[in-house]
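Participant: Dropping a structure here in structure tokens format, bear with me for questions.
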Amino acid sequence: MTINVEHLLDRISQKTYELDAYRDHLIKESVCCLRNMADGLMKSALQAQPNVVSRLGVDGLKHLKEEFKTIMASLGTQAHQVLESDELWVYKQKVALSTLDKLDSNGFPMVKQTLPQPLLDALESLLSPFGALLNTYNLAPKEDWQIVHSCYQYQGTIPLTPTLLESAKEFSMRHQEYDQLIDELIDSQKGKEQSSVLDLWDSL
């Protein structure tokens, strides 16, 4: 049975709108996860280096906490700017008959309870201001932070919260439906092209 290409394109468009809502929830959970992690990193750094804390004194700690609160307050805005980039999300790719050879249908694979690497990299980049702050106050262990392209890159593993993982799994499952539609579109067009070739051959 011939698949109606226009109908497939409409279904893909509809699925894209559906995925927007799941992505928004995933971003919300990502921000919560980052807040928890930043808070944990700060407290761990303070506990691990009591000598530095002693030298800072009460006034120094007050300044540190004020700066920390400022970064935390801007985290939501920064996260949305980074995580809403279309480049992070395969389902935001341009879908048209002219782009079939460039379409990706493996959009949001989750392996061993972790997120796709591009999203993990984006989350790590959002931790950079916290690494810079810790370094300013000599609280950033070299083994935990590395400067890459002028940004502080956390060297450990981001502990993903259960709610973030649950949201990511739901998004991944919904994305598989989108991926299937992309495969159907590609297969449909290949079938049409092959039929056209045979029709041309038979007409000669």
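Participant: Within region 87-95, can one find any residue that is within 30 Å of Ala140 (Cα to Cα) and either under 19 Å from the mean Cα position of the chain (by Cα) or not acidic (Asp, Glu) (or both)?
Facilitator: Scanning region 87-95, I find at least one residue that is within 30 Å of Ala140 (Cα to Cα) and either under 19 Å from the mean Cα position of the chain (by Cα) or not acidic (Asp, Glu) (or both), so the answer is yes.
Participant: Also, quick follow-up: Condition test on Ser44, is it more than 20 Å from the chain's Cα centre (by Cα) and of a type in the set (S, T, N, Q)?
Facilitator: Yes, satisfied.
Participant: Restricting to region 94-104, give me the number of residues that are surrounded by 17 or more Cβ atoms within 10 Å (Cβ to Cβ) and closer than 16 Å to Leu19 by Cα.
Facilitator: Counting residues in region 94-104 that are surrounded by 17 or more Cβ atoms within 10 Å (Cβ to Cβ) and closer than 16 Å to Leu19 by Cα gives 1.
Participant: Filter region 145-167 down to the residues that are of a type outside the set (S, T, N, Q) and outside any loop (DSSP other than H, G, I, E, B) and list them by number.
Facilitator: Once the filter is applied, which keeps residues that are of a type outside the set (S, T, N, Q) and outside any loop (DSSP other than H, G, I, E, B), region 145-167 yields Trp145, Ile147, Val148, Cys151, Tyr152, Tyr154, Pro162, Leu164, Leu165, Glu166.
Participant: Can you run down the residue pairs with Cβ atoms below 9 Å, 6 or more apart or on separate chains, where the first is in region 78-93 and in contact (Cβ under 8 Å) with a residue 24 or more places away in the chain and the partner is outside any helix (DSSP H, G or I) and open to solvent by 50 Å² or more (accessible area, probe 1.4 Å)?
Facilitator: Val90/Asp104; Val90/Asn106
Participant: Select, from Ser54, Ser85, the only residue that is exposed (fewer than 11 other Cβ atoms within 10 Å of the Cβ) and polar (S, T, N, Q).
Facilitator: Working: Ser85 fails: exposed (fewer than 11 other Cβ atoms within 10 Å of the Cβ).
Within the list Ser54, Ser85, the selection yields Ser54.
Participant: Next up: Tally the residues that are in a helix (DSSP H, G or I) and basic (Lys, Arg), restricting the search to region 92-144. I'd like the intermediate steps shown before the answer.
Facilitator: To start, the set of residues in region 92-144 that are in a helix (DSSP H, G or I) comprises 92, 97-102, 117-126, 128-136.
Now narrow it down to the ones that are basic (Lys, Arg): 92, 102.
Of the residues in region 92-144, 2 are in a helix (DSSP H, G or I) and basic (Lys, Arg).
Participant: Can you name the residue in region 62-73 that is touching a residue at least 40 places away in the same chain (Cβ under 8 Å) and not aliphatic (A, V, I, L, M) and is also farthest from Asn36 (Cα to Cα) among such residues?
Facilitator: It comes out as Glu67.
Participant: Taking only pairs six or more apart or across chains, which ones have beta-carbon atoms under 6 Å, a first residue in region 125-142 that is at negative phi and open to solvent by 40 Å² or more (accessible area, probe 1.4 Å), and a second residue that is β-branched (Val, Ile, Thr) and modelled with pLDDT of 95 or more?
Facilitator: Pro129/Ile71
Participant: I need every pair where a residue in region 29-47 that is closer than 22 Å to Ala168 by Cα has its Cβ under 8 Å from the Cβ of a residue that is open to solvent by less than 60 Å² (accessible area, probe 1.4 Å) and hydroxyl-bearing (Ser, Thr, Tyr), sequence separation at least 6 or different chains.
Facilitator: Glu29/Thr161; Glu29/Ser167; Cys32/Thr161; Cys33/Thr161; Asn36/Thr161
The values are calculated or read from the model by the stated rules, or taken from the named source; none is laboratory data. Only a predicted model underlies this, so the values are computations on that prediction, with no experimental measurement involved. All Cβ positions, even for glycine, are placed from backbone atoms using ideal geometry, and neighbour counts span all protein chains on display. When the accessible area is computed, the model is the full protein with side chains, heavy atoms only, and any ligands, DNA or RNA have been set aside. Shrake-Rupley method; radii C 1.70, N 1.55, O 1.52, S 1.80 Å.
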